[in-house]
Amino acid sequence: MRYGVSFRDPTAESASALRDRVAPLETVGGKTIALMDIGKMRGDEFIDRLEQLCAGRGIKTLRYKKPTNTRVAPREMIKDIAENCDAVIIALSDCGSCTSCSTHDLNDLDKKGLAGVSVLTTEFRQAFESQKASIGLDGAAVYVAHPLQNRTTAELHRWAEAAVDEILQMIARDQSKPKMRETA
Amino acid sequence: MTVDISERQQDGVVIFAKRECETCQMVEPVFGQIADNLPIVIYTQDDPTFPSCVAAIDDTSLESSFSFDIEAVPTLVRMKDGKEIARTYGWNRHDWETITGLKALGEGLPDMRPGCGSKSREPGVHDALRAKYGKLDYKSRQIRLGEWDDDIEVCFDRGFSDGLPVVPPTDLRILRMLEGTTRKPDEIIGDVPPNLSPITVEKVAINAVMAGCRPEYMPVVLSALEAALDPLFTMHGLLCTTCFSGPIVVVNGPIAREIGMNSGINCLGQGNRANATIGRALQLIIRNVGGGRPGELDRAVLGGPGKYTFCFAEDESDPTWMPLSVARGIGRDKNAVTLFQGDGIQGFLDQRSRTPEELTKSLAMSLLAVGHPKLCEFTNAMLVLVPEHYAIFREAGWDRGRITEELHRAMVRPGKDVIQGAHGVGEGIDRKRVDEMVNKFWPEGLLIVQAGGQAGLFSAICAGWTGGRFRNESKPVTREITI
């Protein structure tokens with residue numbers, strides 16, 4: 001990532017330069033999790049499996065898909081997610097533009113009070129760090145292997161299975177299956 | 001000198017020139033004469049094709065001109081063993097021949113002709129070059145933005161703003177702001193509440209940039225901050241209070257006029273840069289350095305618009321009026337700031353009073369409403385007396401002392417009327433004071449400032465903060481401004 005202008009910190013610098021992200025939910029029980037597909041190829045296959053895994057745990061999700069990974073999410077989509085969801089999982093960034101744009105999406109939703117996590121490939125760890133530093137958000141991320149474009153659907157599904165616990169930990173302290181009401 | 005000294009420059013001459021300088025054009029043949037005899041490097045400030053007789057180095061960035069501290073062109077610098085041993089500027093045959101050791105330079109040219117100013121010394125340019133190529137020793141953390149990030153939006157996102165756009169504090173702007181004070185950037189002014197974080201002059205400058213201040217406001221901002229950090233001002237409580245209050249800054253002395261502060265029409269309102277930004281800088285410091293953010297430790301139940309900024313100058317043009325700062329112990333014609341813990345404006349409308357006695361009674365009625373009509377010795381108050389109201393007093397020979405004294409006297413009431421429960425109202429003073437005659441304010445608790453436009457019989461009352469009930473613990477503070 002290239003840098004633009006710079007300026008000096010006006011604060012006492014007693015805290016991190018990054019803003020704390022919205023705290024994770026206490027529990028996923030009764031909450032709705034947005035699954036935001038950033039629109040990059042193959043990400044939907046990962047999210048398909050993630051959606052199944054959430055459903056299997058009794059977690060309610062809503063799917064969203066950006067028109068393109070090369071821009072930030074449309075304002076209406078951010079508004080929709082903020083109004084209808086309690087937390088967001090953004091996936092799956094494996095390039096520079098999608099990392100930058102999706103980190104802005106993460107920030108926009110954080111500012112609207114949603115705990116969030118971005119899923120990226122390991123190659124873009126540094127890009128995510130740079131972007132969150134320039135935005136000023138101590139955003140959460142989970143990384144999967146790089147590259148992903150040459151993987152099979154089965155492999156991407158296995159990645160989702162391996163990552164789901166870590167992803168949910170980033171947005172909720174308690175990811176256990178919501179308790180079913182006991183019948184008399 | 002930070003530029004690389006090339007081999008050609010080790011022993012030879014360095015010349016700085018620009019095409020738009022007529023003297024540089026006139027001596028162009030001389031450059032060729034020198035080049036035939038000595039190693040030469042020519043830096044051109046505006047047009048890389050100039051001069052045509054000798055290849056020049058493009059210095060349109062002015063980096064080398066800055067590094068050599070060039071003030072005029074042409075400048076001729078003699079180098080020996082990589083060090084400068086002599087220089088001259090403009091055209092002076094004798095000097096050029098002495099420095100180069102060459103004879104018969106510029107035959108046919110006049111003996112001397114002055115040059116032009118260096119582009120590196122044009123207004124604003126030198127500061128920019130200092131910020132870009134000079135040695136800055138800022139201690140504050142650098143925040144680097146992405147290539148496409150909007151710097152003003154970033155300031156919002158990071159919580160640096162009071163809700164209005166701030167000016168991003170770039171190195172150049174900070175450098176210029178620091179030019180407004182002789183105090184060193186690393187000098188610590190005090191500990192800013194509520195976090196009690198130490199603040200340096202550099203941090204003051206950063207926040208003054210963000211507020212939109214000009215460098216010449218810095219002495220006022222620094223003194224206002226020092227006044228705010230005086231324990232007697234109780235800035236800590238004032239920030240964290242559930243009340244409306246914030247610091248109201250009154251500026252006295254010649255500096256108010258020098259920096260263009262408004263003490264006249266609409267002086268408590270919008271539209272004057274110094275009034276607006278000095279008060280705002282103080283509030284941004286409390287927010288950014290002190291950590292005093294609304295909803296966190298700033299717990300004002302309603303707050304008030306004065307918490308963006310509330311700063312104005314006193315009108316000192318009437319010689320019969322003793323300025324506030326003088327009344328508070330500062331010498332005449334000295335610069336001073338007074339900080340008062342106050343709320344917004346309660347208008348005082350009286351277009352009927354003709355005598356000072358009438359006006360005093362009338363003012364007293366409105367002043368009694370400060371805080372609550374039945375609360376006494378509970379807050380201080382600031383009265384901003386407009387010229388037309390003051391004229392009624394002045395024409396009767398009443399000065400500041402007399403006005404203050406008469407107002408206090410007009411506000412003394414029987415305790416039985418203002419104790420808790422009296423007249424069916426629970427609020428009020430302690431019932432034990434039922435038989436006393438009670439003052440509304442402490443004797444020193446009514447501050448009068450003269451300001452405002454020449455037309456309009458509308459003065460203003462700024463209620464004081466409830467912390468003022470602790471008479472000896474929380475007071476307005478006046479401080480002389482050190483330039």
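Below is a table of values for the structure above.
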{"item": "Those residues of the range B:332-355 which are open to solvent by 10 Å² or more (accessible area, probe 1.4 Å) and of a type outside the set (Lys, Arg), in sequence order", "result": "B:Asp333, B:Asn335, B:Asp343, B:Gly344, B:Ile345, B:Gln346, B:Gly347, B:Leu349, B:Asp350, B:Gln351, B:Ser353, B:Thr355"}
{"item": "Every residue from the range B:186-195 that is touching a residue at least 60 places away in the same chain (Cβ under 8 Å) and either surrounded by fewer than 19 Cβ atoms within 10 Å (Cβ to Cβ) or within 10 Å of chain A (Cβ to nearest Cβ) (or both)", "result": "B:Val192, B:Pro194, B:Asn195"}
{"item": "Selected residue (only one of B:Arg471, B:Arg479, B:Arg433 is among the basic types (Lys, Arg), more than 27 Å from B:Pro356 (Cβ to Cβ) and either open to solvent by less than 30 Å² (accessible area, probe 1.4 Å) or at pLDDT below 95 (or both))", "result": "B:Arg471"}
{"item": "Answer residue from the range B:203-248, given it is of a type in the set (S, T, N, Q) and over 23 Å from B:Arg328 (Cβ atoms) and is most open to solvent (accessible area, probe 1.4 Å) among those", "result": "B:Thr242"}
{"item": "So B:Gly445, is it surrounded by 19 or more Cβ atoms within 10 Å (Cβ to Cβ), on the phi > 0 side of the Ramachandran plot and touching a residue at least 40 places away in the same chain (Cβ under 8 Å)", "result": "no"}
{"item": "Every residue from the range A:76-134 that is under 19 Å from A:Glu45 (Cβ atoms), over 10 Å from the mean Cα position of the chain (by Cα) and of a type outside the set (S, T, N, Q)", "result": "A:Asp94, A:Cys95, A:Cys98, A:Glu123, A:Phe124"}
{"item": "Test: residue in the range B:356-365 that is without any contact (Cβ under 8 Å) to a residue 40 or more places away in the chain and open to solvent by less than 20 Å² (accessible area, probe 1.4 Å)", "result": "yes"}
{"item": "Residue ID - farthest from the other protein chains (Cβ to nearest Cβ), chosen from residues in the range B:131-142 that are small (Gly, Ala, Ser) and part of a loop (DSSP other than H, G, I, E, B)", "result": "B:Gly134"}
{"item": "Single residue of the range A:132-144 satisfying the filter (farther than 13 Å from A:Asp110 by Cβ and within 12 Å of another protein chain (Cβ to nearest Cβ)) that is modelled with the lowest pLDDT", "result": "A:Ser134"}
{"item": "Any hit, the range A:83-99, residues being touching a strand residue (DSSP E or B) at 6+ places or on another chain (Cβ under 8 Å), in contact (Cβ under 8 Å) with a residue 24 or more places away in the chain, within 14 Å of chain B (Cβ to nearest Cβ) and surrounded by 15 or more Cβ atoms within 10 Å (Cβ to Cβ)", "result": "yes"}
{"item": "Of residues in the range A:52-87 being assigned to a strand (DSSP E or B) and not aromatic (Phe, Trp, Tyr), the one farthest from A:Thr32 (Cα to Cα)", "result": "A:Lys65"}
{"item": "Index of the failed condition, B:Gly452 passing every other in (1) in a loop (DSSP other than H, G, I, E, B); (2) of a type in the set (Gly, Ala, Ser); (3) surrounded by fewer than 22 Cβ atoms within 10 Å (Cβ to Cβ)", "result": "(3)"}
{"item": "Residues within the range B:379-406 that are closer than 16 Å to B:Phe441 by Cβ and out of contact with any Phe, Trp or Tyr (no Cβ under 9 Å at 6 or more places or on another chain), tallied", "result": "3"}
{"item": "Meets criteria (more than 11 Å from every other protein chain (Cβ to nearest Cβ), over 30 Å from A:Thr152 (Cα atoms), out of contact with any helix residue (DSSP H, G or I) (no Cβ under 6 Å at 6 or more places or on another chain) and of a type outside the set (Lys, Arg)) for A:Ala15", "result": "no"}
{"item": "The range B:143-185, residues that are under 15 Å from A:Asp9 (Cβ atoms), hydroxyl-bearing (Ser, Thr, Tyr) and either open to solvent by 50 Å² or more (accessible area, probe 1.4 Å) or within 7 Å of another protein chain (Cβ to nearest Cβ) (or both)", "result": "B:Thr170"}
{"item": "Residue check, B:Thr88 outside any loop (DSSP other than H, G, I, E, B), loosely packed, with under 15 Cβ neighbours inside 10 Å and hydroxyl-bearing (Ser, Thr, Tyr)", "result": "no"}
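Residues are listed down the side, and each one gets a yes or a no for (1) assigned to a loop (DSSP other than H, G, I, E, B); (2) over 19 Å from B:Gly445 (Cα atoms):
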{"position": "B:Gly306", "(1), (2)": "no, yes"}
{"position": "B:Thr309", "(1), (2)": "yes, yes"}
{"position": "B:Ser317", "(1), (2)": "yes, yes"}
{"position": "B:Thr320", "(1), (2)": "yes, yes"}
{"position": "B:Ile330", "(1), (2)": "yes, no"}
{"position": "B:Lys334", "(1), (2)": "yes, yes"}
{"position": "B:Leu339", "(1), (2)": "no, no"}
{"position": "B:Gly342", "(1), (2)": "no, no"}
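The values are calculated or read from the model by the stated rules, or taken from the named source; none is laboratory data. A quick note: this is a predicted structure, and the numbers were derived from the prediction, not measured. Using ideal geometry, Cβ is built from the backbone for each residue, glycine included, and neighbour counts are taken over all protein chains shown. These accessible areas exclude ligands, DNA and RNA; they are computed on the full protein's heavy atoms, side chains included. Shrake-Rupley method; radii C 1.70, N 1.55, O 1.52, S 1.80 Å.
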